Structures are given as C-alpha cells and as structure tokens.
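A quick write-up on the structure given underneath.
Just so it is clear, none of the values below were taken in a lab; they were calculated from the coordinates. Remember, it's a predicted structure, so these values are computed and weren't measured experimentally.
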Amino acid sequence: MGACFVERNEKVSDTDFQPLSVTKNGIVPQMLHVAKTDAGDNRKKVCKDDFVINSRSDRKGSAGVSQMDGSVSLISTVLEPCFYLPKFAHHLFRSYSFQEEFYRYGKGIVADLWSTRYAEMKNIVVPLMSLDEQEAIANFLDREIARIDKLIAEKQNFIKLLKEKRQALISHVVTKGLDPNVKMKDSGIEWIGEVPVHWTTTRVKFLVREPVQMGPFGASLKELAFEPTGYKLYGQENYISNDFNRGKRWLWEDTYKSLNKYELKPGDVVFTRKGSIGNCRKTPTGIEIGIIDSDSIRVRLNNEFIATDFFVTLAHESWYVSHQLDFGKRGAVLSGLNTANISNLIIVLAPVAEQQEILAHLRSRTVVYDNLINEVTYSINLLKEHRSSIFAN
C-alpha cells in the first residue's frame, strides 16, 4: 500500500474544514448525535477522493473514499490514492477481506484499543491492475450493489406493510371484538371510539393485585456478584430479547433479602422503563429467583379481570396502548416511563372468557403475517450475503 498511496497528515481546524464521520456506510458529514471531543483545532485534513479508515479495531469496517473536503479525528488514517481510481479503492478497501487484513497488522495492549497505524498499514500487499480494469470492476459493483439494495429496500417496505396490517388487525379486534353484529356503545374516549356494549373501559391500576412497582435505585445495587449466587438481577437484556436466561448480574443473599419487595415471579409483566413498548414481557416459569433493576417496571395483574397474555398483546400490538405509552414518555420530566404512566394506562376490557377467544383468534390469524415476515427477512439476509460475496469473488 505504501507504493500506492500518500499519507495526508495535515492538521486543520473543524471551523475551516467541515467535520466528517468515518462510518461503516462510508465518509459522511459528522452526525449530530455522535460524541465529540474538544480537539476542534487538532484534526486531519481530508480532500475529495481521499481514502479514510478508522484505525481502531472497535470501529472495524469504518472506512471509505470521501466525496467532499473536510476534517476527521486523528485516530483515522487519510490516504491520497496514486494508482487507484477512488471508486475502485472505495470498494476494495471496504471489503471484509481487506478489513481483516488491516486489523491483523495492528498492535495494542487490549482488544478494544487495538489499532493499525500507517507504519504497519503501508506494508499490506494489495492487488493492482490497469485503470481500465478498475473502472470496469467498479462500474459492475456499483450496478450490482444498486440492484441488490433496491431489492432489499423493496422487501423491507413489504415487511413494514405486513407489520402495519398485523397491528391493524390486532388493534381492531381488541377494541371491537370478534362479533361484527354486536351492539356498540361510546367508550367515552374520542380516540378509541365505540366498543362493544358489554365491555368496560378502565385503567391498569384497577386491574392489579398490588401497586405497579419500579425497581430499586442503583445505589441499592452497588455491590453485585458476577458469578451465579442463586439470586439474579433482571433488566432490559431480558425484556428486549425475551430471554430470561440472559445476564450475568447476581445479588448476594443479604442484598436479595433486603430488596425482595422487587422480586420477579412467573406470570409478572415487566416493562423496560426507558425502552419502547416492544420491551414488555410476561415472565416465564422456571426462572432464577431474582429482582428487577432500576430500569424495570413490574405489573402484577389480577387475572380475575384480565388475562396476562391479553395484557401483553395490548402492550405489544395495539395502537391505542402504544399511543399512550409514547405520550407518557414524551411528557415525562426525565426520559422514560414511570409507574404513573403504566398505572394510568386506559384499557378497553372484554370479559375474561372473551379475552381468551380473542387471543385464540389472533394466534390463528397473525401466524400468517409472522410466517410471511420470517420468509421475507430470510430472503433479505440471503441478499445481504450475496452482496458481501460479490466483494470476496
């Protein structure tokens, strides 16, 4: 590489040269949400058509040819191509094979600080061919990638449509019931409209066996064990994945006993306090003894009034509950849900026996959407694999 590139090491200020970010999608104007340093006057100059790569192994794959002048962090290597067309270099040096070779040449004390400097990078052996052949290969890759990306986008839009139809089906059934001829009444809530005459409209706080509970503050959980003790601390890693075996945070027995009012039992419903409505789960049987953490909210329902699976379906799928949760999060002083948000959720409630009928109906109907979504997702993954294999070949 040392024979094919010239390193650009000119220091500039981000007030004179637009700050750029080196990402896995290439070189882009610096994103507003990224962490920024105070080194605004101590950055590297980038010229249009320069190849830029992040030297850190924890940013693997962050590289590309810049389409604009600007400046980047000092941890990036900036190279001016001598014998490569910029668009060919963009494809070649963003390939998986090159990225692995690049970081194989690196050095560091620990994995997350492993980096590859230009002194090592320039010794990497690279293929070199005529500019005409580079042009032909780059044009082929541009066409193929554009074709594959278009297919992926179309399939992703189809999945979005399927999910919308799935949610519309569920939202209709949980507010209108299964009988199209049932007599209706005004729910008294404008954005819900009419509901079956024998249904009720209530709030979660009237459907629980005990008050909705948020987990203990972090100060109560300072001394955790990181080997199994028999007392587990549950959090968002469990609710997001719906896998209650995940996690490596454990409590000492004395800590558990002092905090057992936060215990998580099978059948409890748990929300990620700072997450989305999708992070709501029914606790399964057979879990380790444990408690919820400070970013969790536990709901212990009274099943005389509402089936747990029915409530979880509402939290996951119905637009009228998601609307309330989103509004609650936006209106909070601190970002995230709290016990009041959950306790005051308005629930449209069918009799328990009818709830079970609705659940059975939805299971039979939504499986069609779920199967289609899985099939299309699988085809997207195949397209992504094909996209990657083009570079390897």
**Report entry** Compactness of the range 5-128, expressed as Rg and Dmax over alpha-carbon positions, Å
**Finding:** 13.6, 40
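How much length, in nm to one decimal, is gained on full extension between E135 and K183, taken as 0.36 nm per residue of separation minus their Cα-Cα distance? List each step's numbers first, then the result.
On the way: separation 48, 0.36 × 48 = 17.28 nm, distance 7.00 nm.
Taking E135 through K183 to full extension adds about 10.3 nm, to one decimal.
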Query raised in the report: Out of G177, G108, G336, any idea which swings most in a Gaussian network model of the chain, alpha carbons joined below 10 Å?
Result: G108
Report summary line: With x for Gly and Pro, the residue-by-residue ³J(HN,Hα) of the range 310-323, computed from phi through the Karplus equation 6.51 cos²θ - 1.76 cosθ + 1.60 at θ = phi - 60° and given in whole Hz, is 5, 5, 5, 4, 4, 5, 7, 10, 7, 5, 6, 7, 4, 4
Report summary line: Extension length gain for D149 and S97 (0.36 nm per residue less Cα distance), in nm, is 16.6 nm
**Report entry** Residues whose placed amide H lies under 5 Å from that of E194, excluding near-sequence neighbours
**Finding:** S187
Query raised in the report: Rounded to the nearest 500 deg cm²/dmol, what is the calculated helix-only ellipticity per residue at 222 nm for the chain, with -39500 (n - 2.57) per DSSP H run of length n ≥ 4?
Result: -12000 deg cm²/dmol
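Counting every Cα pair in the range 143-186, what percent are over 14 Å apart? All intermediate terms of the calculation are to be shown ahead of the outcome.
Working: 623 of 946 pairs.
Distances greater than 14 Å cover 66 percent of the Cα pairs.
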Query - All lysines inside 29 Å of K11 as judged from Cα atoms, apart from same-chain residues fewer than 8 positions distant - result: K24, K36, K44, K45, K48, K60, K87, K107, K122
Query raised in the report: Which of (1) 33.0, 106; (2) 27.6, 81; (3) 25.4, 87 is the computed Rg and Dmax of the Cα atoms in Å for the structure on display?
Result: (2)
Report summary line: Quick shape check on the range 159-287: root eigenvalues a ≥ b ≥ c of the Cα gyration tensor, a/c under 1.5 is rounded, otherwise prolate if a/b tops b/c, else oblate, and it reads prolate
Report task. Post the alpha-carbon centroid distance, the range 2-30 to the range 225-286, in whole angstrom. Result -> 44 Å
Query raised in the report: Straight-line reach from K176: which aspartates and glutamates have Cα under 16 Å away, leaving out those fewer than 8 places along the same chain?
Result: D186, E190, E194, E317, E354, E357
